[in-house]
Every structure is written in C-alpha cells, then in structure tokens.
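Presented below is the structure to which this report refers.
The values are calculated or read from the model by the stated rules, or taken from the named source; none is laboratory data. None of these values were measured; they are calculated from a predicted model. Quick reminder, even Gly has a Cβ in these numbers, built from the backbone with ideal geometry, and neighbours come from all protein chains shown.
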Amino acid sequence: FLAGRCALVTGSTSGIGLAIARSLGAAGARVAVNGLGTPEQIAAALESVRQAGAPEVRHFGADLSDAAAIEAMMADLAAWAPVDVLVNCAGVQHTAPIAEMPAATWEKLIAINLSAAFHTMRLALPGMAAQGYGRVVNIASVHGLVASVNKSPYVASKFGLIGLSKVAALEYAAAGSRASGGVTVNCVCPGWVETPLIEPQIAARASAVHGDREAGVRELLREKQPSGRMSLPEEIADLVVWLCRREAHNLSGAALPVDGGWTAQ
Ligand code: NAD
C-alpha cells in the first residue's frame with residue numbers, strides 16, 4: 001500500500017530503524033536510509049532493505065548532530081522524491097548520574113535524539129500537508145513517559161520528542177482528508193528492544209550479578225518490564241507500518257507504549 005511513496009528512516013543502518021526501513025520497503029515504499037556505520041555495514045543495510053522488497057533504496061549519510069547536515073540531506077532527498085513517511089529513529093544513549101554527566105554528552109544526546117527530529121519535521125511537514133498525506137512516526141521510548149535513574153539527557157530528549165510530536169500533530173491535524181489519508185504525527189514508545197543500543201546496559205547488569213548475558217537480560221526485564229520479554233525490532237516496525245495506513249488518519253498526537261506493561265504500573 002506504500003507503492004509510489006517515499007520513506008525516510010533516520011538511524012536505519014542498525015536495530016529498530018533498519019527493521020522499520022525493511023518493513024516500509026516490503027510495503028512498497030522507496031526508502032531513504034540514514035545512519036552511521038562502516039561502508040560494509042551501510043552496504044549490508046541497503047541490501048537488506050532491497051531484499052525486503054523496496055523498489056529503490058538510497059543512503060543519506062548526514063550526521064544528525066549537525067543541523068546544517070540535516071538541511072543538506074533534506075534538500076538532496078527532496079530532489080530524489082517527496083517525503084511521504086518520516087520516521088525519526090536515530091538515537092543514542094549514555095548512562096551516568098546527573099552530577100557525572102558530561103555537558104558535551106548532554107548537548108550531543110539532545111541534538112541527535114530531539115533536535116534532529118525537529119529539523120526533519122519542519123522541513124518535511126509542509127510538503128506532506130500540500131499533498132494531503134503524510135506520516136511522521138517518532139521512535140521515542142518508555143523513557144518519554146516515565147523516568148529512570150542515570151539517563152538525564154535521554155529521558156529529557158524523549159519527553160521532549162513526545163511534546164514536539166503533539167505540537168506538530170495539532171498544527172497539521174486538519175491537513176488532507178479521509179480519502180487522502182491526512183497528516184499524522186505519533187510517537188512509538190518501546191520498552192526493552194533487542195538491539196545493539198542496550199548491549200552495554202545488559203553487560204553492566206550481567207557483571208553486577210556475576211552472570212552471563214542471559215542473566216543480564218533477565219535482570220533488566222525483571223526490574224521494570226512485567227512481560228519478562230524483550231520486543232524484537234520487527235515488532236516495532238509492524239506498528240510503524242500500520243500507522244502509515246490510510247485508515248490510521250485519525251490516530252494522531254499519540255504516544256503508544258510497546259513496553260510489556262512497564263508504564264501500566
Ligand atoms: P541502534 O544503536 O541499533 O541504532 C541507532 C541508529 O542511530 C544507528 O543506525 C546509528 O547509526 C544511528 N545514529 C546514531 N547517531 C547518529 C548520528 N549522529 N547521525 C545519524 N545517525 C545516527 O539503536 P536502536 O535500539 O535501534 O535505537 C533506535 C531508536 O529506538 C533510538 O531512538 C532509541 O532511543 C529507541 N529505543 C530503543 C530501545 C531499545 O531497547 N533498544 C527502547 C526504546 C527506544
């Protein structure tokens with residue numbers, strides 16, 4: 001159902017973003033892949049999105065901590081195809097108590113996890129409104145809804161991303177129609193998802209209990225995620241694809257938890 005559409009997925013060289021790029025490609029979209037990595041990792045990511053069924057795939061290598069680089073990427077992208085679907089998934093994590101959080105780390109996390117989404121959205125939303133269809137899906141986190149210790153810039157960035165998304169949802173609420181699909185802006189808020197991002201946290205838990213990786217995973221889940229199961233990136237991707245459907249025209253401004261009951265507590 002996304003044939004003829006173009007999707008930009010930031011942070012799609014790895015983890016959840018890569019799974020989303022694959023699923024949007026499988027639904028027929030041309031996919032603009034963005035993210036860092038070695039040339040081999042990037043080539044493998046593009047091949048994997050192509051294999052999933054995307055009719056066209058291209059890498060846009062902008063470093064999202066740099067606003068000028070984002071502007072240049074959006075201009076290149078506009079010359080390739082209008083953006084119908086924008087998924088802001090790039091994100092980084094750093095854990096330390098507030099008093100020990102380096103100021104430069106704060107700036108970097110806010111830039112990548114929050115400001116980058118502001119820039120891609122401000123540049124993509126007017127085009128979406130003009131064509132009467134557009135989808136912005138921001139990958140926030142359960143940490144956009146509740147806090148945990150040692151994650152000050154991460155939690156601040158994700159709360160900010162949810163607020164930003166609600167503002168955009170309101171500003172574009174009346175764009176388009178049921179027939180065209182409208183313009184919606186939502187956040188998906190995962191709990192623990194099995195990706196490279198959380199490996200350092202698994203390792204820290206494992207060493208705290210003198211156990212192996214599996215023991216580390218068990219510890220992480222036991223603390224806050226009642227299902228006791230991690231999500232797989234593909235499961236998050238399925239929800240993103242569903243949000244892109246025309247029938248989802250009235251689901252906007254939401255922050256949807258996929259957290260095994262974490263925020264129900
Ligand atoms: P990941 O580390 O596997 O992927 C992160 C992606 O962001 C990579 O493609 C990386 O290249 C890209 N990236 C990082 N810095 C960048 C920069 N400066 N410029 C461009 N791209 C950059 O992580 P993931 O777990 O797939 O995380 C994806 C998103 O999901 C993040 O926003 C994260 O906060 C969120 N999230 C993850 C979990 C989880 O448990 N894994 C839970 C909730 C939310």
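Restricting the stretch 1-37 to residues that are away from the ligand (no atom under 15 Å from the Cβ) and farther than 17 Å from GLY181 by Cβ leaves a set whose member that is nearest to the chain's Cα centre (by Cα) is GLY25. Do we find that ILE98 is within 14 Å of the ligand (Cβ to nearest atom) and aliphatic (A, V, I, L, M) in this structure? The answer is no for ILE98.
If I filter the stretch 136-155 for residues that are more than 9 Å from the ligand (Cβ to nearest atom), in contact with a strand residue (DSSP E or B) (Cβ under 7 Å, 6 or more places away or on another chain) and of a type in the set (Val, Ile, Thr), do I get at least one hit? Checked the stretch 136-155: at least one residue is more than 9 Å from the ligand (Cβ to nearest atom), in contact with a strand residue (DSSP E or B) (Cβ under 7 Å, 6 or more places away or on another chain) and of a type in the set (Val, Ile, Thr).
So, ALA117, is that one on the phi < 0 side of the Ramachandran plot and either exposed (fewer than 15 other Cβ atoms within 10 Å of the Cβ) or not hydrophobic (A, V, I, L, M, F, W, C) (or both) or not? Spelling it out, it is not the case that ALA117 is on the phi < 0 side of the Ramachandran plot and either exposed (fewer than 15 other Cβ atoms within 10 Å of the Cβ) or not hydrophobic (A, V, I, L, M, F, W, C) (or both). Within the option set ARG213, ARG222, ARG178, ARG246, being within 23 Å of LEU145 (Cβ to Cβ), among the basic types (Lys, Arg) and either modelled with pLDDT of 95 or more or surrounded by fewer than 15 Cβ atoms within 10 Å (Cβ to Cβ) (or both) holds for one residue only, ARG222. Out of all the residues in the stretch 125-132, is one or more within 27 Å of PRO233 (Cα to Cα), within 16 Å of the ligand (Cβ to nearest atom), surrounded by fewer than 22 Cβ atoms within 10 Å (Cβ to Cβ) and within 18 Å of the chain's Cα centre (by Cα)? Looking through the stretch 125-132, none of the residues is within 27 Å of PRO233 (Cα to Cα), within 16 Å of the ligand (Cβ to nearest atom), surrounded by fewer than 22 Cβ atoms within 10 Å (Cβ to Cβ) and within 18 Å of the chain's Cα centre (by Cα). Could you go through the stretch 201-209 and let me know if any residue there is within 26 Å of GLY163 (Cβ to Cβ), within 20 Å of the chain's Cα centre (by Cα) and touching a residue at least 24 places away in the same chain (Cβ under 8 Å). Yes, the stretch 201-209 contains at least one residue that is within 26 Å of GLY163 (Cβ to Cβ), within 20 Å of the chain's Cα centre (by Cα) and touching a residue at least 24 places away in the same chain (Cβ under 8 Å). Looking across the stretch 38-54 at every residue that is within 10 Å of the ligand (Cβ to nearest atom) and among the aliphatic types (A, V, I, L, M), the one that is nearest to GLU235 (Cα to Cα) is identified as ALA45. Screening the stretch 50-91 for residues that are in contact (Cβ under 8 Å) with a residue 60 or more places away in the chain and β-branched (Val, Ile, Thr) and picking the one that is nearest to ALA19 (Cα to Cα) gives VAL87.
Within the stretch 192-213, restricting attention to residues that are acidic (Asp, Glu) and in contact with a helix residue (DSSP H, G or I) (Cβ under 8 Å, 6 or more places away or on another chain), the residue that is nearest to the ligand (Cβ to nearest atom) is GLU194. Remark: pairs (first residue in the stretch 33-44, under 17 Å from ILE20 (Cβ atoms); second residue within 12 Å of the ligand (Cβ to nearest atom) and among the aromatic types (Phe, Trp, Tyr); Cβ separation under 6 Å; 6+ apart in sequence or on different chains) = ASN34/PHE60.
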